[in-house]
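The values are calculated or read from the model by the stated rules, or taken from the named source; none is laboratory data. Keep in mind that what you see is a predicted model, and the values were worked out from it rather than measured. Cβ: placed from backbone, ideal geometry, glycine included. Neighbour counts: every protein chain shown. For the accessible areas, the whole protein counts, side chains as well, though only heavy atoms, and no ligand, DNA or RNA atoms are used. Shrake-Rupley method; radii C 1.70, N 1.55, O 1.52, S 1.80 Å.
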Amino acid sequence: MKRKLGNFLFFIMVLILSFEGKAQSLVNVDSLKSVLNNTEGKARVETLNLLATNLRESEQESAFNYALEAEGLAHSIGDISGESLAKENIGWIYYRRGQYQKSFDFSKDAYELALQVDNMKVAARLLNSMGALYYEQQNFDLAIEQFKKAYLLSKREGDLYTQIRSLNNVAYNFSQKNELDSALYYAKYAIEVNRNAGSPYLTAFANRVIGDIYYTTGNYDSAASIFENSLNEARLQHVKTTEASVTHRLGATYLKLGKLSDAEKVLLEGVKVSEENKFLDELAKNHKYLAQVYEEKGDIRNAYRHQSTYVVLNDSLVDKGNRDRIALLQGMFQEDLDKSELNLLKEQNENQAQRLKLIRRNYYIIAIAIVLILGLLIWLFLLNRNIKKYNDFLLEQKRKIKDQNIDLEAKSLQLEKINETKNKLFSILGHDLKAPIGQVKSVVDLLIQGMLTKEEFEELLKVLNKDINSVHFTLNNTLKWSMAQMEGFKLKKMPFNLYDLVASNLTLIEPQLKEKEIVVSNLMQKDQLVYADQDLMEVVVRNILNNAVKFSKRNGTVEITTSPKGQFVKWCVQDHGIGIKASQIKEILGKDYIITDSQKGTEQEKGSGLGLQLCKEFVRMNGGEIYIQSKEGEGTRICLDIPQGDLIQDSNTSAKKEISQA
């Protein structure tokens, strides 16, 4: 009987409160406490939650104890909605205490419970809590997004209290972003909506935001008036958090206006309220502005005392704030909120689906028409797909024909180049070999006919030797090049002494050196080993040395040097002859194989135009590179990068690549 009477009294009290404050305004706490003693079960959970909600801004410790009891009792009796609201209160109190990780954990659990029972009012309140946590991370954009969601949801549910709270929070976050026009709009809109809600606390908060805007823009008289109204409203409703936060703002405004006594009075009141309720952030700011007031008054001692207190409190708050924010970031994951929002959307979609079932019967005719249209569309789609396939087939055939034409053009160009190379080779063999051999034949015929004396023959013998050497040199180059172009040709790489190879070739060209009185300085290391095909490198060395002699002036000099270059040996031949044109160097070192027109030597020595092309190709086949530096009239420097003896594996790989390209 006693339990039924308690529940009846609770019902009457809640009914009265619903008529007195439709926006969840603060109720008579003493009445709630008296009813609490006579309630049990779900009614007690609701009473405890009402007490926690109405005391959490003024008597946090009592509110916290009521919320904890409500949470435990609701969980034990399976009251999910009551447990959700209790967790929301606990999360908010943890937020006010600066324990952001615990605030996030309780708020997240409360949000999920609210979605289970489709309690959108509590969900809207929890979106405000989530927004406040984003504010503490100084992520104002995400905070505003959460507060706006809370406003829309609470407006849909008819929860005026949460609407006003959400609007105030949006306004405050816009002011922190320094978007003052938006902040002023939302604050004034909150006050307008607040007239229908009758909540002085929320009016005080909105006025505080407006006061901040006036203060920021330098309108100190208006700011002071707004802050005074906000402070009076907060004191009337015993909302200590707002009272403590307004006192230092009003004190700072009085300080700007030169009202030092008024500033001192309100700031000392702020210190008292902040100390009593352990609002350390507001306490620090009140001490800060008190120090400035006393400094203006010339009271250095009190100014120093308050400034010292401010510094200690502020350092402690900064350290604590940083630690709390880091802890919050570690535990607060966006996917949790996204998941909860997804569940909310799912619940809304399910409710919408129930309503749609009642409407579907009226759309059968439309559905049949849609089916017919869809059938037509499918037929058109299939027809279009077949046409597209046929077009794709035609485009593919066109592409293949185009590729074949390109391939034929490339092969035609390649064939033209091969034919040009063939013609040049025949020209070399026909021109450069015909004249010397013809001279030899003429001398032999004269000798057989007895028309030459011994002295005349010996004189012609030197000329014949020179012609035969030229023929031999040209034939050797041509044969080596032809062998290298043959399919199946393989490099025969091995370590060999580069100095010995160069020395043997210098011996071969010694007659030319003596004839032109050229001095060769061989500055190479005598034990220099390289790893390459010796036969091909002999052709390269002989051609480069022959060119150095050919284009050197009489009584000139030629220097031969080697130097290490990473994994290679750099072998260089420097002459001081007539040089090579830049355009010729570009042709010689180009990617394509071109037989250039031979340039005559300083004493009209002839050539085939094949020598440096062979050098380029043979050096690259052996994994090396050729460089030519020349200045007309001053000489030419030709350098080769030749792999050393300890690069056998890398050289083989490179050689295979070069051979396949050749």
Check your understanding: In nm, to one decimal, how far is the ARG97 label point from the GLU40 one, both placed 7 Å along Cα→Cβ?
Key -> 3.1
Point to revise | Taking the range 24-79 and dividing mean pair separation by its residue count, relative contact order in percent (alpha carbons under 8 Å, at least six apart) | key: 34
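Starting from the Cα-Cα distance between TYR390 and ASP445, subtract it from 0.36 nm times their residue separation and give me the gain in nm to one decimal.
11.9 nm
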Revision key, fill the gap. Rounded to whole angstrom, the alpha-carbon centroid of the range 125-181 lies from that of the range 224-276 at a distance of 25
Review point. Which peptide among 508-517, 236-245 comes first, and what is the full order, when sorted by highest mean count of other Cβ atoms within 10 Å?
Key: 236-245, 508-517
Check your understanding: Going highest first, how would you order 285-291, 621-627 by mean Cβ packing within 10 Å?
Key -> 285-291, 621-627
Study note, to complete from the structure: Label model pair VAL311, ARG355: point-to-point distance (7 angstrom along the Cα→beta-carbon line) in nm is 6.3
Exercise for review: Using a cut-off of 11 Å between beta-carbons, work out the net charge of the residues near ILE406 (Lys and Arg +1, Asp and Glu -1, ILE406 not included).
Suggested key: +1
Revision key, fill the gap. Between the modelled labels at SER412 and TYR627 (7 Å from Cα along Cα→Cβ) the distance in nm is 4.2
Review point. Sorted by accessible area with a 1.4 angstrom probe, largest first, how do GLU409, GLU228 fall?
Key: GLU409, GLU228
Practice item. Return the loop-located trypsin sites (Lys or Arg not before Pro) in the range 63-151 (DSSP other than H, G, I, E, B) with at most 15 other Cβ atoms within 10 Å of their own Cβ; answer none if there are none. Key: ARG97
Revision key, fill the gap. Stretched fully, the stretch from LYS188 through SER222 gains (0.36 nm per residue minus C-alpha distance, one decimal, in nm) 10.8 nm
Exercise for review: Per residue of the range 308-315, in order, report the coupling 6.51 cos²θ - 1.76 cosθ + 1.60 (Karplus, θ = phi - 60°) as ³J(HN,Hα) in whole Hz, putting x for Gly and Pro.
Suggested key: 4, 4, 4, 4, 4, 5, 5, 4
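For the range 490-643, calculate the relative contact order in percent as a whole number, restricting contacts to Cα pairs under 8 Å that are 6 or more residues apart. Provide the component values of the computation, followed by the final result.
Details: 301 pairs, mean separation 38.5, N = 154.
Normalised by residue count, the contact order of the range 490-643 is 25 percent.
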Study note, to complete from the structure: Nearest-0.05 FRET efficiency for ASN139 and LEU589 at R0 = 45 Å, using Cβ-Cβ distance, is 0.15
Point to revise | Theoretical gain in end-to-end length, LYS272 to SER521 [0.36 nm per residue, Cα-Cα removed] | key: 79.6 nm
Review point. Using a 1.4 angstrom probe and counting only protein chains, how large is the accessible area of ILE80 in Å², to 10?
Key: 50
